[in-house]
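Please treat every number below as a calculation from the coordinates, not as lab data. Since the model is a prediction, treat every value here as computed from it, not as a measurement. Here the Cβ positions follow ideal geometry from the backbone for every residue, glycine too, while neighbour counts run over all protein chains shown.
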């Protein structure tokens, strides 16, 4: 059977949904999700969405733009940050009109709270810019957009893993998907494909990310020779539940929570004297690890405390109820009376598929690939630069998801149906056949866990040439082992043993790209901290990294940063 | 410690349903999902179950654990310290596709029948719709729903009357009935007055007991019943 739609969107999280609802009335669009609908990881976003509505106190989009650029340690493209900050206000009202149940001010407006790195008057003091629905902001936004998609009658292919992208003569012809329920492999013919597959936190051992966050979309394009941008910039969220990595929202500090070391000291006062616990995530995570390294971790172990005990039961119940329940369920503690053991957890990837501000994917010569788009965490526009601010990610998804959808609609008239090659799914059949036919070999879990350990010990918050080099060698050895990967279950129904093994190929390649880019960048900027090069060096390094997959490894080139408004300055808070 | 898991196995292409027992080492603070993963990754890759976020937000891993519907990622080994064996089964009432994976399409269709989206009476204002914090509070509990289907799997009425729309669909009906920005109050109420909507609920409270997000499901259904009695001339079609 031939499947045919004008537009295929890979990923049904917020970026994919927002793009799909934009296209729905104008063209035939279908959404693919490797998980069942409403399980996408946008739903795990807790704290909120940033917009300078000024509902609680004076605010302006220019301050928001400045914070985004400074938060990104000046690696953000400023034309992109400007679009985001200006459009945020419309985007949040649009979500509200669609039904998102935001918390309210006493006047009935959308309530706003403080969040890390968001300030008034270009860094003078924290500002209330985060619009929120308790601590389940992502979930209610995704549900709202999901049912909006249903209302518009958008075709959804649930539990379809997109495994290959078909490009003919430089233009998109469609994709190949593996149907989880039946094991069938299908080709979908299309004029345009939007990749919106989210992050790849599963490269790391401790992460707030879902099992589904394996970077499938990035690998699809990377494999085709399209570069990946700024892969060395990996965000570690300061407050994961220690050991588990489950996220405790920055909203906890936005509402007044503070971090404490083994002596009970509010140590962020030393690292960011102006905004303290509300400093950007890269700085807070570094501060936590510095405390731990200098012997001030709690009980001599690798964690510190998040103290919410002064917030009171009412505030915790009304504004932070999900995280309160996580603390109760997983730690058996009550945040009203107990301190919460936290440590940094891999949370967000600033790097991804390079795109322009319309979401068009750019090749290594910075030219758009006709018909190919990307949006959301899998993309790198580059908005978040070297470190994303909290609440800018949900905003990114709806602002740039919509823009990509709109541009696809405009471009469709210029995108003919490209004749696919004969049997476009044959490469996928071979790839799956190779794994299934092995009677014995290495189990995917063994290779995956080793990769996650290497990435966590050698390429997390602090990095060094020696350990990065070692990591790169070991990942290459794991890639070699991967050629012998075998699975237990050869059947066709819901074979997640097989999809786990397929995804491991993605994780290995992305891990290698992260380490190679981190090794090449001999400076410290945002989330990328080199102990052997602890200074930011604008003269040499104010540029984006592009990593391309070649037969001999990762080839690295660079491209300039757009600086339109704010000249780089030392970054202090 | 060693823990035994008795897991429901069924592949419609390969024969009759049965149980298979596995032994795995587990720490008290580990999630049931962690144990299931260890079994799958290390012992038997053929076991089918859904999972994604692993901390009770995505709603993928609803199943029956020792007879009670719950999320495998929200229950810890120590919660079953007294059980020699932990039994994992698919959600009751649902059609089993493989092992612990059930067909959710009909469940979602029932929710969609409640028109789970805002239908305002007037075009939107330039900025946000105004809504008081008190009005927002009316939906504060029900917006916690993650569509995991534990309530619907646990509901005894579902087994007696498969046409009953079920507790989750009613939670979504409630969420829009009491959203003050919505303009369809009476139409929604009439829909809720249909024979297989609110009325088959007879207060077993099983949905409320199992809800992983602690939504007062039964109470919400009863509130809607009262609302119908107050506003419609023929509650329950009388």
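Side notes on the structure shown:
- Distance from the C-alpha centroid of segment A:453-481 to that of segment A:483-554: 10 Å, rounded to the whole angstrom.
- Whole-Å distance, taken between Cα centres, linking segment B:174-196 and segment A:81-105: 26
- The length gained by stretching the chain between residue A:315 and residue A:449 to full extension, at 0.36 nm per residue less their Cα-Cα distance, is 44.3 nm.
- Alpha-carbon Debye profile of segment B:105-237, log10 I(q)/I(0) at 0.09, 0.16 Å⁻¹: -0.25, -0.79
- Cα radius of gyration and Dmax for segment A:147-283 (Å): 21.0, 64
- Order of A:228, A:333 - criterion: other Cβ atoms within 10 Å of each residue's Cβ, fewest first: A:333, A:228
- Between 0 and 90°, nearest 10: helix A:78-98 axis offset from chain A longest Cα axis: 90
- Percent of beta bridges antiparallel (DSSP, segment B:2-102, rounded to nearest 5): 80
- Separation of alpha-carbon centers, segment A:1-64 and segment A:151-227, rounded to whole Å: 16
- Residue-span extension gain [residue A:3 to residue A:466] - 0.36 nm each, minus C-alpha spacing: 161.7 nm
- Computed [θ] at 222 nm, helices only, for the protein assembly as shown once each DSSP H run of length n ≥ 4 contributes -39500 (n - 2.57): -10000 deg cm²/dmol
- Percent breakdown of C-alpha pair distances by 10 Å bin, ordered from the shortest bin, for segment A:402-504: 12, 28, 21, 23, 16, 0
- For residue B:82 and residue A:266, the FRET efficiency from 1/(1 + (r/R0)^6), where r spans their Cβ atoms and R0 equals 56 Å, is about 0.85.
- In chain A, Cα pairs under 8 Å separated by at least six residues give a relative contact order of 21 percent.
- This ranking places B:220, A:137 by how few other beta-carbon atoms lie within 10 Å of each, fewest first, which gives B:220, A:137.
- Residue B:226 paired with residue A:439, simple spin-label distance in nm, labels 7 Å along Cα-to-beta-carbon: 7.0
- Inter-chain Cβ neighbour average for residues A:245-257, partner chain, 10 Å: 1
- Ratio of the Cα radius of gyration of chain A to 2.2 N^0.38 Å, where N counts its residues: 0.91
- Treating each Cα of segment A:234-347 as an identical point scatterer and summing with the Debye formula, the log10 of I(q)/I(0) at q = 0.14, 0.20, 0.23 Å⁻¹ comes to -0.49, -1.05, -1.39.
- Where N is the number of residues in segment B:2-102, Cα Rg divided by 2.2 N^0.38 Å: 0.99
- At R0 = 41 Å, FRET efficiency that the Cβ-Cβ distance of residue A:336 and residue B:16 yields, to 0.05: 0.20
- At 1.306 mPa s and 10 °C, Stokes diffusion of segment A:419-573 via Kirkwood alpha-carbon radius, µm² per second: 87
- C-alpha long axis of helix A:321-331 to longest principal axis of chain A, angle in °: 80
- Peptide packing: for A:411-421, A:282-292, A:298-308, B:14-24, the average count of neighbouring Cβ atoms within 10 Å per residue gives the ranking A:282-292, A:298-308, A:411-421, B:14-24, highest mean first.
- Note on residue A:152 and residue A:419: with the Förster distance fixed at 22 Å, the Cβ-Cβ geometry gives a FRET efficiency of about 0.15.
- Nearest 10 degrees, 0 to 90: helix A:465-482 Cα axis against chain A principal axis: 30
- Here chain B was treated as a single set of alpha-carbon atoms; its pair distances binned every 10 Å from 0 give 7, 29, 30, 19, 11, 4, 0 percent.
- Peptide B:135-143 shows a mean partner chain C-beta count of 4 within 10 Å per residue C-beta.
- For segment A:42-193, the pair-distance distribution built from all alpha carbon pairs, in bins 10 Å wide starting at 0, is 10, 28, 26, 21, 12, 2 percent.
- Counting DSSP beta bridges with both ends in the protein assembly as shown, the antiparallel % (nearest 5): 70
- Among the residues of A:487-495, the average count of other protein chain beta-carbon atoms within 10 Å of the residue beta-carbon is 6.
- Residues A:195, B:215, B:84, sorted so that the one with the fewest Cβ neighbours within 10 Å comes first: B:84, B:215, A:195
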